[in-house]
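Data block below; observations after.
The values are calculated or read from the model by the stated rules, or taken from the named source; none is laboratory data. Everything numeric in this text was worked out from a predicted model, so none of it was measured. Here the Cβ positions follow ideal geometry from the backbone for every residue, glycine too, while neighbour counts run over all protein chains shown.
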C-alpha cells in the first residue's frame with residue numbers, strides 16, 4: 001500500500017497506524033503545499049490536492065479518519081478496535097470522530113492564521129476564538145481520561161485520531177497546564193515507538 005504524506009500534517013496518523021500494526025507501506029512524500037500536490041496526476045489521487053491519501057491496489061481513499069477505519073477493518077485482524085459488544089465500543093466511535101469533528105476545525109484556523117498567513121494578514125479575533133474553543137474541547141477530553149490511560153480501554157484507533165489532535169493542540173499553544181489527564185496522555189502517546197517511528201518521516 002502507498003501512503004501519500006507531508007511532514008507536519010495529519011498524514012502522520014496513517015504512518016503511525018501502519019507502524020502500530022507492523023504493516024508494510026510505500027511512502028510518497030511531499031513538502032506541504034508543494035506544486036506537485038496540485039498536478040493533474042495527484043488530483044486523481046486526492047481531488048483537493050491534500051494529504052493523506054492511501055492507495056491499496058485499485059482502491060484509493062483519502063481523509064485520515066476514513067483511512068484509519070478502512071485499514072483497521074480490512075487489515076487490523078481485530079487490533080486497535082474494541083469488540084462491538086464491548087462497553088468501550090461507543091467510546092471508541094465517539095473519540096475516533098471527535099478529532100475531526102471538534103478539535104481539528106479549531107486547529108485548522110490556528111494553523112492558517114499563525115503559520116500560513118503573514119503577521120499583517122492575521123485575524124486576531126479568529127485566533128482568539130479558535131483557541132478558546134480548542135481549550136474548551138480539550139477539557140472534555142481531560143474529563144473522559146480521568147482514571148484511564150487511553151480513550152476506549154486499551155490503545156485504539158481513537159487514540160491515533162484524537163491523541164494526535166491533542167498533541168498538535170499543545171504544540172500550537174493550547175493551555176493544558178491544568179489538564180493533568182491530557183498532559184499525561186500526550187506524554188504517553190508520544191512515547192509510543194510506532195509514533196516515534198512515524199515522525200522520523202517528518203524531517
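Of the conditions (1) in a loop (DSSP other than H, G, I, E, B); (2) touching a residue at least 24 places away in the same chain (Cβ under 8 Å), residue 147 clears all except one; give me its number.
Single failed check for residue 147: (2).
What is the number of the single condition among (1) farther than 25 Å from residue 24 by Cα; (2) at pLDDT 95 or above that residue 195 does not meet?
It is condition (1) that residue 195 fails.
Among residues belonging to the stretch 84-101 that are over 12 Å from the mean Cα position of the chain (by Cα) and in a helix (DSSP H, G or I), point out the one that is farthest from residue 140 (Cα to Cα).
Residues of the stretch 84-101 over 12 Å from the mean Cα position of the chain (by Cα): 84-94.
Filter once more, keeping what is in a helix (DSSP H, G or I): 89-94.
Numbers: 89: 18, 90: 16, 91: 13, 92: 15, 93: 15, 94: 12 Å.
So the residue we want is 89.
Can you name the number of the only condition in (1) closer than 23 Å to residue 88 by Cα; (2) modelled with pLDDT under 95 that residue 203 fails?
Failed condition: (1).
Suppose we filter the stretch 171-181 for residues that are touching a helix residue (DSSP H, G or I) at 6+ places or on another chain (Cβ under 6 Å) and either within 21 Å of residue 20 (Cβ to Cβ) or not in a helix (DSSP H, G or I) (or both); how many remain?
Total meeting the criteria: 5.
State all residues of the stretch 51-79 that are part of a loop (DSSP other than H, G, I, E, B) and either without any contact (Cβ under 8 Å) to a residue 40 or more places away in the chain or over 14 Å from residue 6 (Cβ atoms) (or both); if no residue qualifies, say none. Show your work before the answer.
Step one: list which residues in the stretch 51-79 are part of a loop (DSSP other than H, G, I, E, B), which gives 51-52, 57-58, 63, 76-79.
Selection gives 57, 58, 63, 76, 77, 78, 79.
Residue by residue through the stretch 1-14, note down the ones that are in contact with a strand residue (DSSP E or B) (Cβ under 6 Å, 6 or more places away or on another chain) and either buried (at least 17 other Cβ atoms within 10 Å of the Cβ) or assigned to a loop (DSSP other than H, G, I, E, B) (or both).
Applying the first criterion (in contact with a strand residue (DSSP E or B) (Cβ under 6 Å, 6 or more places away or on another chain)) to the stretch 1-14 yields 1-5, 11, 14.
Listed by number, the residues that qualify are 1, 3, 4, 5, 11, 14.
Which condition number does residue 141 fail, the rest of (1) farther than 23 Å from residue 28 by Cβ; (2) out of contact with any helix residue (DSSP H, G or I) (no Cβ under 6 Å at 6 or more places or on another chain); (3) crowded, with 19+ Cβ neighbours inside 10 Å being met?
Among (1) farther than 23 Å from residue 28 by Cβ; (2) out of contact with any helix residue (DSSP H, G or I) (no Cβ under 6 Å at 6 or more places or on another chain); (3) crowded, with 19+ Cβ neighbours inside 10 Å, residue 141 violates only (2).
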